[in-house]
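The values are calculated or read from the model by the stated rules, or taken from the named source; none is laboratory data. These figures come from a predicted structure and were not determined experimentally. In this analysis, Cβ positions are derived from the backbone assuming ideal geometry, glycine residues included, and neighbour counts consider all displayed protein chains.
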Amino acid sequence: MTRNTFSMISAAAIAVGAACASSAHADQWCLNYDGYGSHRVMGLNYDASKSWDSVTRTSFSGIKVGEHKFNAYGGSISTFCVQVFEGLTVGNTICFDVVEVKDVPEGPPAPGPMGTIAATLVQDLYARYYQYVTDGSLTAAERDMRCAAFGVAIYELSHENFTAADATGAAAQASLVNGAFQADSNDPRTGASDAFNLATSMLASLGSGGFRSLGNNLLGLTNPKFQDQLVVVPVPAALGLAAVGLVGVRALRRRVKA
């Protein structure tokens, strides 16, 4: 969401977001997918069998990385993908389970849930940089680059095979040039090298001065057939009201899982 979107969100929606997070296992959001927002195509490579310190690879696939846009009841929702090997189709309505950050991405396919240590790093990344990358005052090119960098950093944190026993150790293992997940440092596509360098800087800063967190304002969205997402709440007010059953019960319904 841009800053302008945030300024339009009501206090009621903030309360709803916190309530959703506290009982995330019982919530489902059905959202209409509009397609990519700000993004770049970048060279990426993921091999789940590789260790966090495996050598740099030379083969990369060009993949769109950055912001995704959804809508429900006139409200626009921005998310970032946390799963390389599944996709989304523009125009589809997708029902996501709302979960804690540590429980995304859902597997299979690999890598499966990131766990508590990686979630600590993702929380820190969001707390430091989410407003920076989604700043509505940026030029389109600059926002594309920042959102791509942010998305690549999320992929590294959620897909890397960290072996460290804590978040500080895992932050030291995070790298885009080696490991299970890698990005092409020599990608000639427009803005790709800048996004790579910015993502590298973001990862290097994690844990500096302590780990930060958005807490219950950062949620995971999972679906077994579609790309899992991360979303910052509060959500737009219209969707927030749906969450408490005042409107649109089909779009956001409570359920109890077995």
_Please list, ordered by residue number, the helices (runs of 4 or more DSSP H) wholly in segment 152-243 having 2 or more residues that are under 17 Å from the mean Cα position of the chain (by Cα)._
192-205
*Cβ pairs under 7 Å, 6+ apart, first in segment 80-107 and in contact (Cβ under 8 Å) with a residue 12 or more places away in the chain, second of a type in the set (D, E, K, R)*: PHE80/GLU67; VAL82/ASP228; GLN83/ASP228; VAL90/ASP34; VAL98/ASP27; VAL104/ASP228; PRO105/ASP228; GLU106/ASP228
*Hey, TYR33 hits all of (1) of a type outside the set (A, V, I, L, M, F, W, C); (2) touching a helix residue (DSSP H, G or I) at 6+ places or on another chain (Cβ under 8 Å); (3) not in a helix (DSSP H, G or I) but one; which does it fall short on?*
(2)
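For segment 187-202, name all the residues that are touching a Leu at 6+ places or on another chain (Cβ under 7 Å), in contact (Cβ under 8 Å) with a residue 60 or more places away in the chain and surrounded by fewer than 21 Cβ atoms within 10 Å (Cβ to Cβ). First the steps, then the outcome.
Of segment 187-202, the ones touching a Leu at 6+ places or on another chain (Cβ under 7 Å) are 196, 199-200, 202.
Subset that is in contact (Cβ under 8 Å) with a residue 60 or more places away in the chain: 196, 202.
Scanning segment 187-202 gives no hits.
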*Under 6 Å between Cβ atoms, at least 6 apart or on separate chains: pull out the pairs that start in segment 144-162 with a residue that is in contact (Cβ under 8 Å) with a residue 12 or more places away in the chain and end on any residue that is crowded, with 24+ Cβ neighbours inside 10 Å and basic (Lys, Arg).*
ASP144/ARG40; ALA148/ARG40
_Going residue by residue through segment 245-256, is there one that turns out to be within 26 Å of VAL90 (Cβ to Cβ), modelled with pLDDT of 60 or more and either under 20 Å from the mean Cα position of the chain (by Cα) or buried (at least 23 other Cβ atoms within 10 Å of the Cβ) (or both)?_
no
*Quick one: GLN123 ticks every box in (1) more than 15 Å from the chain's Cα centre (by Cα); (2) outside any loop (DSSP other than H, G, I, E, B); (3) buried (at least 19 other Cβ atoms within 10 Å of the Cβ) bar one, so which box is it?*
(1)
